[in-house]
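To keep things clear, I will list the structure first and then write my remarks on it.
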Amino acid sequence: DNLRQALLRETELLLEHVMKQDHSVLELLTADYTFVNERLARHYGIPNIYGTQFRRVPVTNDARRGLLGHGSILTVTSQPNRTSPVLRGKWILDNLLGTPPPAPPAVVPPLKENSERERPLTMREQMEEHRANPACAGCHARMDPIGFAMENFDAVGRWRERDGEQPIDATVVFPEGTKFDG
């Protein structure tokens, strides 16, 4: 519960700081600082932060800059037990870009559980399998690249290099050809 509250407080403090200092709204996405206490710093791997008091600290990992690096956003856009490129991509389309994807079809097949497989698949591999269904492919072409770019963050916003035993591939190509990594 302490971590959940700290994740929320980090985001509240960034929003409050940007508004009170009359900074550009774009700073919500580009801030090279954040607000942490000891519990949240430990979660993020930030050393030498002690106590319950929140303080402003520099962000050294560019991927952690702004709201999209906040554990609160990353957690709310995940499933309880795993990341979700779909939820993360949809959240950005809805809330930041103002271009929500269409509603999903009435019957969306669930992802096959890794426990049912011979070899566990990465989230990217599971989504590629899901997109093989033509009814799913169209909407996922817009959401998934955004979500895959955030796949180095686990379901509660910790940085990771691997999905199970496999290295994470955060490279994406949008349908119009734009490429980026993370």
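The values are calculated or read from the model by the stated rules, or taken from the named source; none is laboratory data. Since this is a predicted model, take the numbers as computed values, not measurements. Neighbour counts are summed over all protein chains in view; Cβ atoms, including those assigned to glycine, are modelled from backbone coordinates with ideal geometry. What goes into the accessible areas is simple: the full protein's heavy atoms, side chains included, and nothing from ligands, DNA or RNA. Shrake-Rupley method; radii C 1.70, N 1.55, O 1.52, S 1.80 Å.
Measuring nothing but protein heavy atoms, the accessible surface of segment 1-77 at 1.4 Å probe radius is 54 percent carbon and sulfur. Residues whose amide H lies under 5 Å from that of Thr83, counting only those 5 or more places away or on a different chain, are Ala155; hydrogens are built 1.01 Å from N in the peptide plane. For segment 115-159, the square roots a ≥ b ≥ c of the C-alpha gyration tensor eigenvalues yield an a/c of 1.5 or more together with a/b not exceeding b/c, which makes the shape oblate.
Qualifying GluC sites (Glu not before Pro) in segment 78-182, where qualification requires a DSSP coil assignment and no more than 10 other C-beta atoms within 10 Å, comprise Glu113, Glu118, Glu161, Glu165, Glu176. Between Ala31 and Gly66, Leu67, the built amide H atoms are under 5 Å apart, and every one of these is 5 or more places off in sequence or on another chain.
Rounded, prolate or oblate: pick one for segment 67-182, where a ≥ b ≥ c are the square roots of the eigenvalues of its C-alpha gyration tensor, a/c under 1.5 means rounded, and failing that, prolate if a/b is larger than b/c, else oblate. The shape class here is rounded. The residues of segment 11-113 have, on average, 58 Å² of accessible surface per residue, using a 1.4 Å probe with all protein chains present. Structural descriptor for segment 16-164: relative contact order 25 percent, calculated from alpha carbon pairs under 8 angstrom and at least 6 residues apart.
The alpha carbon centroids of segment 114-182 and segment 1-40 are separated by 27 Å.
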